[in-house]
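Undergrad: One structure, as structure tokens, below. Some questions next.
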Amino acid sequence: MKIDYDYFKGTDLTEKLEHNASCQCGTASYRLTGAPLTCYTCHCTHCQSESGGPCTISMIVNSDSVEVTGGEVAVNRYSHKGADMSRHHCSACGSALWFSADAMPEYLALKAGAFDDQSWFQPVAHIWLRSAQPWLALKGDAAQFQQQPEMNELFGLWAEKYC
């Protein structure tokens, strides 16, 4: 399911089509040039260990809507539950910028905390809550899933909120 920004025409997301992001040290940067497909907070143990925190915020986008604008983006390959994955990160400071999966090359999972301005989006779901830290209190109206929902369901939640 490939969606381009025309899918979201007339929504707040198309008022500004370009969003800039960078790593912690500012060396590696990229620009998102198309509308996101969904955004969610993941509480799985993999994301906890990768981030060093209780969760991560992932934004799924079409892979052709990301343009590297500065620095060098390094890649580490690994396997996660049988899926061949790539972690794209700043070669200088190691900050994660996005992840990709060989099985779904048309998508990237951006680490949404890297955006220079994070006020233009809000996650539509919390996933893998069965692994969430017990002291973390969730607020807001985002959908809640104990495990991994189907990606089309997350796409639908995003479309309901922003279309």
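Just so you know, all these numbers are worked out from the coordinates, no wet-lab data involved. The shown structure was predicted, so the numbers you read here are calculated from the model rather than taken from an experiment. Note that we place each Cβ from the backbone using ideal geometry, even for glycine, and neighbour counts take in every protein chain shown.
Undergrad: Return one quarter of the surface area of the convex hull spanned by the alpha-carbon atoms of the stretch 30-163, equal to its mean projected area, in nm². Let's see the in-between values first.
TA: Details: hull surface 33.2 nm².
Reported value for the Cα convex hull: 8.3 nm².
Undergrad: Also: What number, in percent, do you get for the relative contact order of the stretch 66-154 if the mean sequence gap of Cα pairs under 8 Å and at least 6 apart is divided by its residue count? Spell out each step's value before the answer.
TA: On the way: 108 pairs, mean separation 14.1, N = 89.
After rounding, I find 16 percent.
Undergrad: May I pose another question? Once you place label points 7 Å from the Cα toward the Cβ at Glu153 and Cys25, how far apart are they in nm?
TA: Distance between the two pseudo-spin positions: 4.1 nm.
Undergrad: Give me the percent relative contact order of the stretch 108-160, please, defined on Cα pairs under 8 angstrom at least 6 residues apart.
TA: Working: 35 pairs, mean separation 19.6, N = 53.
Contact order relative to length: 37 percent.
Undergrad: Looking at the chain as a GNM with Cα springs under 10 Å, which of His80, His43, His19 has the largest mean-square fluctuation?
TA: Looking only at His80, His43, His19, the biggest GNM fluctuation is shown by His80.
Undergrad: Let me ask another. Please turn the phi angles of the stretch 86-98 into ³J(HN,Hα) values with the Karplus equation 6.51 cos²θ - 1.76 cosθ + 1.60 (θ = phi - 60°), one per residue in order, whole Hz, x for glycine and proline.
TA: 10, 9, 9, 8, 5, 6, 8, 10, x, 4, 5, 10, 6
Undergrad: Note the full-extension length gain between Gln133 and Ser49 as 0.36 nm times their separation in residues minus their Cα-Cα distance, in nm to one decimal.
TA: Working: separation 84, 0.36 × 84 = 30.24 nm, distance 1.23 nm.
Result: 29.0 nm gained on full extension.
Undergrad: Which loop GluC sites (Glu not before Pro) in the stretch 78-163, with loop taken from DSSP, have no more than 14 other Cβ atoms within 10 angstrom of their Cβ? Don't skip to the end; give the middle numbers.
TA: Values: sites: Glu106, Glu150, Glu153, Glu160; in loops: Glu106, Glu150.
The qualifying sites are Glu106, Glu150.
Undergrad: Under the definition of Cα pairs under 8 Å and six or more residues apart, what whole-number percent is the relative contact order of the chain? Present the calculation step by step, with values, prior to reporting the outcome.
TA: Values: 333 pairs, mean separation 41.6, N = 163.
Here the relative contact order equals 26 percent.
Undergrad: In nm, to one decimal, how far is the Trp120 label point from the Val75 one, both placed 7 Å along Cα→Cβ?
TA: 2.6
Undergrad: Any chance you could count the Lys pairs in the chain whose alpha carbons are under 23 Å apart, treating pairs 8 or more apart or on different chains as valid?
TA: 10
Undergrad: Loop only per DSSP, at most 13 neighbouring Cβ atoms within 10 Å: give me the chymotrypsin sites (Phe, Trp or Tyr not before Pro) in the stretch 48-157, ordered by residue number.
TA: Details: sites: Tyr78, Trp98, Phe99, Tyr107, Phe115, Trp120, Phe121, Trp128, Trp135, Phe145, Phe155; in loops: Trp120, Phe121, Trp128, Trp135, Phe145.
The qualifying sites are Trp120, Trp135.
Undergrad: Let me ask another. Tell me the trypsin sites (Lys or Arg not before Pro) within the stretch 42-95 that lie in a loop according to DSSP and have at most 15 other beta-carbon atoms within 10 Å. Don't jump to the answer; show the numbers that get you there.
TA: Details: sites: Arg77, Lys81, Arg87; in loops: Lys81.
Within the stretch 42-95, the qualifying trypsin sites (Lys or Arg not before Pro) (loop, at most 15 other Cβ atoms within 10 Å) are Lys81.
Undergrad: I would also like to ask the following. Amide H to amide H under 5 Å from Thr38: which residues, 5+ apart in sequence or cross-chain, H placed 1.01 Å off N in plane?
TA: Under 5 Å from the amide H of Thr38 lie the amide H atoms of Ile60, each far enough along the sequence or on another chain.
Undergrad: Also: Just to be sure I understand: with springs between alpha-carbon atoms less than 10 Å apart, which residue in Ala21, Ala132, Ala109 has the highest mean-square fluctuation in the Gaussian network model of the chain?
TA: Greatest mean-square fluctuation among the candidates belongs to Ala132.
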